[in-house]
Amino acid sequence: MKTQILVNVQVHESRIAILEDGKLVELLVERPDQRRMVGNIYKGKVERVLPGIQAAFINIGMEKRAFLHISDVARYEPFADSETDEDEDNNIGRKRRYRSDTRSMDIRDWCKAGEDILVQITKEPIGTKGPRCTTEISLPGRYLVIMPGQKHVGVSRKIKSKQERYRIRKAIRDIKPEGFGLIGRSVSENQSKEVLENDLEYLLKDWENIRKKADVLDAPAQLYRDMGMVAAMVRDLFSSDMDEFILDSKTEYEHVRKYVNKVVPDFADRVRLYNDSTPIFDAFDVEPQIENMLRRKIWLKKGASIIIDNTEALTAIDVNSGRNVGKGKTYEETLLQVNLAAAEEIVRQLRLRDLGGILVIDFIDMESEKNRETLMRTFREAMADDRAKYRILPMNEFGMVVMTRQRVRQSVIERISDPCPTCGGLGLVFSPVTVIARLERWLMRAAKSKKNSFLIVTHPVVAEELIAEGGERLRDLETLYRVRLECFPDGTIDPDEFSVLDANTGEELTDDFIA
């Protein structure tokens with residue numbers, strides 16, 4: 001499989017596309033007013049402590065206060081020098097499996113209103129919620145993650161070889177400084193002890209700078225900003241599995257090239273500058289795939305489709321066979337083919353849209369238990385490449401799969417779009433006939449007034465319905481309510497709204513008029 005990273009840099013926006021065999025699987029968007037916060041470290045001030053929910057709100061100098069839960073409070077008493085394996089390369093926000101039960105802890109024992117506190121962002125603001133933070137500080141490098149104040153030693157589970165894991169763990173234990181925990185990331189595989197030591201030295205310098213700033217700056221203050229989106233992509237993803245890293249900005253290209261020469265010089269020839277006149281995302285056929293990402297309905301082969309609906313509580317994904325009659329010998333085999341194709345596309349859409357939280361997938365129900373097992377095995381295998389943490393529950397009796405996927409920021413669609421100003425994000429507006437029925441109810445309530453001549457201003461689609469067939473609907477309303485009506489189309493008014501004016505004075509009649 002050929003994997004490429006494309007970087008498009010514009011004046012007010014930067015985009016990164018990850019392609020697998022030419023197919024878009026991940027899209028990251030960064031704007032000056034939406035720079036990512038996860039990984040940033042702040043010297044904050046505790047504003048409120050809420051023992052009822054065992055949490056505190058921290059002022060970090062932003063409009064929204066950061067949320068600190070008791071489960072994210074570090075306990076820096078000496079830990080056992082554990083050697084457990086890690087689930088993820090970047091340790092930010094990880095719940096320590098060796099911490100005591102948080103139900104026996106009290107947030108008031110760990111922070112008080114007015115105190116200064118060092119916190120790191122683990123989840124960006126989403127909707128009305130502020131960022132989530134932790135006092136368990138961790139700094140990711142190219143090969144290692146350091147955790148100040150701890151003794152933990154770990155190795156990424158993505159390194160499969162037991163012998164290699166043992167070698168890395170031993171190397172980490174040999175170089176681990178007092179007062180720090182260390183984790184070997186997946187890219188530390190086959191790296192020498194000297195390479196790991198150089199990465200550690202770089203991280204220790206970062207931590208020393210953070211400590212110096214914390215000593216002199218008053219809260220709230222930002223002490224550390226994680227790498228920009230492009231540099232972080234090099235740090236976290238650029239490995240032997242990556243075939244090309246192509247950028248259309250000479251400035252970013254020089255930065256990336258310099259960083260790659262420093263940390264992975266063997267891969268420097270995979271970084272190249274794109275300078276063709278055709279925009280980079282057009283040249284690699286990325287723009288049409290981004291436009292398709294915004295659609296609610298995604299077509300599969302031979303008429304099948306999946307529909308993705310986002311709600312406040314969860315994301316619902318429905319699989320439809322549509323016109324697909326399949327090549328299977330039986331109807332059950334046809335359903336399996338549709339479900340397998342849908343499973344692959346759903347996994348791609350989860351990564352591409354960066355959907356998180358609770359997800360409910362309604363596959364087409366199959367009677368065969370063997371086919372259900374085949375579907376779940378395929379789905380889990382496809383999810384194995386997802387960088388986000390996730391949990392998949394067994395398929396229930398209705399053919400539905402409930403899963404959770406890590407959510408640390410708004411989905412891509414939420415970042416690049418706003419709710420429709422007409423429908424408010426509902427996705428529906430009243431039909432013209434419904435708007436006319438609402439107008440008639442307005443006239444019913446206005447019948448008690450002495451006014452009998454009105455100007456009706458509506459969207460052109462509604463106006464067209466009113467005056468269709470010689471204005472029959474308008475005449476019917478005039479006859480029934482003994483009024484004189486004139487209709488004016490206005491393209492600036494919402495399709496499901498209307499205004500009524502006094503025909504004699506031109507005054508707009510509000511609800512107070514008919515109250």
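The values are calculated or read from the model by the stated rules, or taken from the named source; none is laboratory data. The shown structure was predicted, so the numbers you read here are calculated from the model rather than taken from an experiment. Note: ideal-geometry Cβ built from the backbone for every residue, glycine included; neighbour counts use all protein chains shown. Accessible surface areas use protein heavy atoms only, side chains included; no ligands, DNA or RNA. Shrake-Rupley method; radii C 1.70, N 1.55, O 1.52, S 1.80 Å.
Key figures for this structure:
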item: Formal net charge of residues neighbouring residue 19 (Cβ-Cβ distance under 11 Å; K, R +1; D, E -1); result: -4
item: Cα shape, the range 398-486, gyration tensor, a/c 1.5 rule; result: prolate
item: Charge dipole magnitude, Cβ of K and R +1, D and E -1 - the range 117-171, Cα centre, debye nearest 20; result: 460 debye
item: Cα-centre dipole for the chain with unit charges at Cβ (Lys and Arg positive, Asp and Glu negative), debye to 20; result: 1700 debye
item: Farthest positive-ward along the chain dipole, Cα basis, beta-carbon charges - from 500, 392, 360; result: 392
item: Burial ranking of peptide ranges 471-482, 121-132 (average Cβ count within 10 Å, highest at the top); result: 121-132, 471-482
item: Charge-dipole axis of the range 424-489 as Lys and Arg at +1 and Asp and Glu at -1 on Cβ define it, positive-most pick from 462, 485, 425; result: 485
item: Accessible area expressed per residue, the chain, with surrounding protein chains retained (probe 1.4 Å, Å²); result: 52 Å²
item: Percentage relative contact order, the range 368-515, counting C-alpha pairs under 8 Å, at least six apart; result: 21 percent
item: Protein accessible area in the chain, 1.4 Å probe - carbon and sulfur %; result: 49 percent
item: Relative contact order of the range 190-301, pairs being alpha-carbon contacts under 8 Å that are 6 or more residues apart, as %; result: 18 percent
item: Mean separation of Cα contacts under 8 Å (6+ apart) over length of the chain, as relative contact order %; result: 12 percent
item: In the range 255-350, the trypsin sites (Lys or Arg not before Pro) that fall in loop regions by DSSP, at most 16 other Cβ within 10 Å; result: 295, 296, 323, 327, 329
